[in-house]
Each structure stands twice: as structure tokens, then as C-alpha cells.
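This report refers to the structure that appears directly beneath it.
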Amino acid sequence: QIKLFDRMNRKLYLTNAGELLYNYSKKILLLVDEAESSIKDIANMKMGRLRMGASTTIGIYLLPRIVGDFTKRYENINSYFTIDNTGIIEEMILNNHIDIALVEGLIHSKDIVVKHFLDDELYLICSRNHPWARRKELSINPEEITEESLIVREKGSGTREVFEKALAKNHLSYQPQHVLNNTEAIKKAVEADIGIAVISKLAVQEEINSGRLVKIDIKNIPITRELNIIYHKDKYRSPLFNTFIKYLEKYKVS
């Protein structure tokens, strides 16, 4: 019920309401153009967003390098990442709080796609003052673990779950003396000779090389695991998403 034009001498002139609508229309058309341009940029990998997650060991010792290398190639990509234990990361994938994740633990949901990323090894470590460190051969019989004060991660940790399964497979049981949810704290505790621990080689290689911690072999029980890429089976795989997966599949730890 608003008149937009005045017709005078066979010409059309905008009314005040017409001028107002015209100015808004120009803004709307500019926004449409901007939206189209942004969608094209996403399709052509010129911009985009990735919400990533990682379990603790990968998140602290590997993910920053991965994200840094990837964003150097795709400078306008915004990345957000969350670090927590594998159980929490799995829940975040299921609830669509993150798009993709790297985990070291076992995944239990059938709604999650699991792809191999890298192989990892868990190292049994002790302080350089521990009696094991003075042995000619830096190795122990498996049952010797149960006689020591053992420091472990919290329940839900991928490292702990893999370690427990390896012991159970060899009919060994243990009672943790200390539970810490931080890998750096565990390393400091071992260095202070509070106990022994099992930690990913990704997290402890520097301390072993410097001699602050000592790697002990467990006879006949190598503890290895797969680090995996995970995402929801129904997740929309954008060009950026697929490019990141391909990048991860070719990634090598230097």
C-alpha cells in the first residue's frame, strides 16, 4: 500500500519510499554478490574453516606442526582445534562439534569413519637413577612392571587403553599408583623418580636423547598402535575437507 513512483510527464520518479527501497535493494544485491563470491572462494580453496580435534599426545606434540604446514599452503583457511582425551574427542565428532580429528585411542562408535594415519610406539620409561637404568641391557621381564610404582593417564586416554590391552593380552595385571591427565606432568614425575610410565615416543624422544629419561624394553611385548584420522560417516566432505585428508594421508613425521 506504499507508492514507490510518481508518474509525471511520461517519466517515472522515485518517491521517498521508493528511494529508501532502492538503497536497500542495492545493499541486498551487493550482499548476494558477496555471498556468491565467498562460496566460489570456498569451492576454489581460497578460504574456508576447519574445526579439528586431537587426542592429547597428538594434539600437543604433532598437531601444531601439521596445522602450521597446512596453513602455509592455504593461507586464508581458518582452523580451530580442540585437544582432549580420545573419549571426549569421539563424543565431539558424534555431536558435530568438530569436523575431523586425529586420535591415538580406540574408537567405539560405528558412526565414525576411521582411517590409518601413522604408526606409533609406546615407550616404557624410568628415571636415570632407577635401578633399571643401571642394567647392562636396558630391558625387563614383563612381570617386573607389576612390582613398580606405575604412573598412568586418566581413564579415556588412548595411551592408557592401549597399554592396558597389551598387559591383559599377556595376562598381566597392575594397580596404578598415580593417575595424571597431563603427559608433561608424567614425564616430570618419572624424572623425579616417583615411578615408571608408558608414553608415546612422540612425547618423550627429546628427554631420552638428552639422557634425562631412559627407555626400557619389555621383553617380547612391543607396544605399538595406530594413530587414526576420524570423522562422522555422514559428514559433508567439502573440497577443503578432502584436501586436508589427502594432506594427512601423505604426512610424514620428520
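One residue is enough: does the range 172-186 have a residue meeting the conditions charged (D, E, K, R), surrounded by fewer than 18 Cβ atoms within 10 Å (Cβ to Cβ) and farther than 17 Å from GLY158 by Cβ? Give the derivation first.
First pass over the range 172-186, keeping only residues charged (D, E, K, R): 184.
Subset that is surrounded by fewer than 18 Cβ atoms within 10 Å (Cβ to Cβ): 184.
Subsequent filtering for residues that are farther than 17 Å from GLY158 by Cβ retains none.
The answer is no; no qualifying residue exists.
Quick one: would you say GLU226 is open to solvent by 20 Å² or more (accessible area, probe 1.4 Å), out of contact with any helix residue (DSSP H, G or I) (no Cβ under 6 Å at 6 or more places or on another chain), under 30 Å from ALA101 (Cα atoms) and part of a strand (DSSP E or B)?
So GLU226 fits the description; yes.
To keep it simple, each residue is scored yes or no on (1) in contact with a helix residue (DSSP H, G or I) (Cβ under 8 Å, 6 or more places away or on another chain); (2) surrounded by 14 or more Cβ atoms within 10 Å (Cβ to Cβ); (3) over 29 Å from TYR251 (Cα atoms); (4) at pLDDT 95 or above.
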site: GLY105; (1), (2), (3), (4): yes, yes, no, no
site: VAL113; (1), (2), (3), (4): no, yes, no, yes
site: ILE125; (1), (2), (3), (4): yes, yes, no, yes
site: ILE145; (1), (2), (3), (4): yes, yes, yes, no
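Does any residue of the range 203-213 turn out to be in a strand (DSSP E or B), at pLDDT 90 or above, open to solvent by less than 50 Å² (accessible area, probe 1.4 Å) and not small (Gly, Ala, Ser)? Spell out the reasoning first.
Filtering the range 203-213 for residues in a strand (DSSP E or B) gives 213.
Restricting the remaining residues to those that are at pLDDT 90 or above gives 213.
Imposing the further condition that a residue be open to solvent by less than 50 Å² (accessible area, probe 1.4 Å) reduces the set to 213.
Applying the additional criterion that residues be not small (Gly, Ala, Ser) yields 213.
Scanning the range 203-213, I find at least one residue that is in a strand (DSSP E or B), at pLDDT 90 or above, open to solvent by less than 50 Å² (accessible area, probe 1.4 Å) and not small (Gly, Ala, Ser), so the answer is yes.
Among the residues of the range 48-80, which ones are of a type outside the set (Gly, Ala, Ser), buried (at least 16 other Cβ atoms within 10 Å of the Cβ) and under 13 Å from the mean Cα position of the chain (by Cα)? I'd like the intermediate steps shown before the answer.
To start, the set of residues in the range 48-80 that are of a type outside the set (Gly, Ala, Ser) comprises 49-52, 56-58, 60-67, 69-78, 80.
Next, only the ones that are buried (at least 16 other Cβ atoms within 10 Å of the Cβ) stay: 50-52, 56-58, 60-63, 66-67, 70, 74, 77.
Within the range 48-80, LEU50, ARG51, MET52, THR56, THR57, ILE58, ILE60, TYR61, LEU62, LEU63, ILE66, VAL67 meet the criteria.
Out of LEU29, LEU4, which single residue is free of Cβ contacts under 8 Å to residues at least 40 places away in the same chain and open to solvent by 70 Å² or more (accessible area, probe 1.4 Å)? Step through it out loud before you land on a result.
Numbers: LEU4 fails: open to solvent by 70 Å² or more (accessible area, probe 1.4 Å).
It is LEU29.
Please find, among ASN85, ASN96, the residue that is surrounded by 14 or more Cβ atoms within 10 Å (Cβ to Cβ) and of a type in the set (S, T, N, Q).
Working: ASN96 fails: surrounded by 14 or more Cβ atoms within 10 Å (Cβ to Cβ).
Answer to the selection: ASN85.
Could you go through the range 236-251 and let me know if any residue there is open to solvent by 50 Å² or more (accessible area, probe 1.4 Å), out of contact with any Cys (no Cβ under 9 Å at 6 or more places or on another chain) and assigned to a strand (DSSP E or B).
No, the conditions are met nowhere in the range 236-251.
Could you list, in sequence order, all residues of the range 187-202 that are part of a helix (DSSP H, G or I) and open to solvent by 70 Å² or more (accessible area, probe 1.4 Å)?
Once the filter is applied, which keeps residues that are part of a helix (DSSP H, G or I) and open to solvent by 70 Å² or more (accessible area, probe 1.4 Å), the range 187-202 yields only LYS188.
The values are calculated or read from the model by the stated rules, or taken from the named source; none is laboratory data. Model, not experiment: these values are computed from the prediction. As a convention, Cβ positions derive from the backbone with ideal geometry for all residues, glycine included, and neighbour counts pool all protein chains shown. For accessibility, only protein heavy atoms count, side chains too; no ligands or nucleic acids. Shrake-Rupley method; radii C 1.70, N 1.55, O 1.52, S 1.80 Å.
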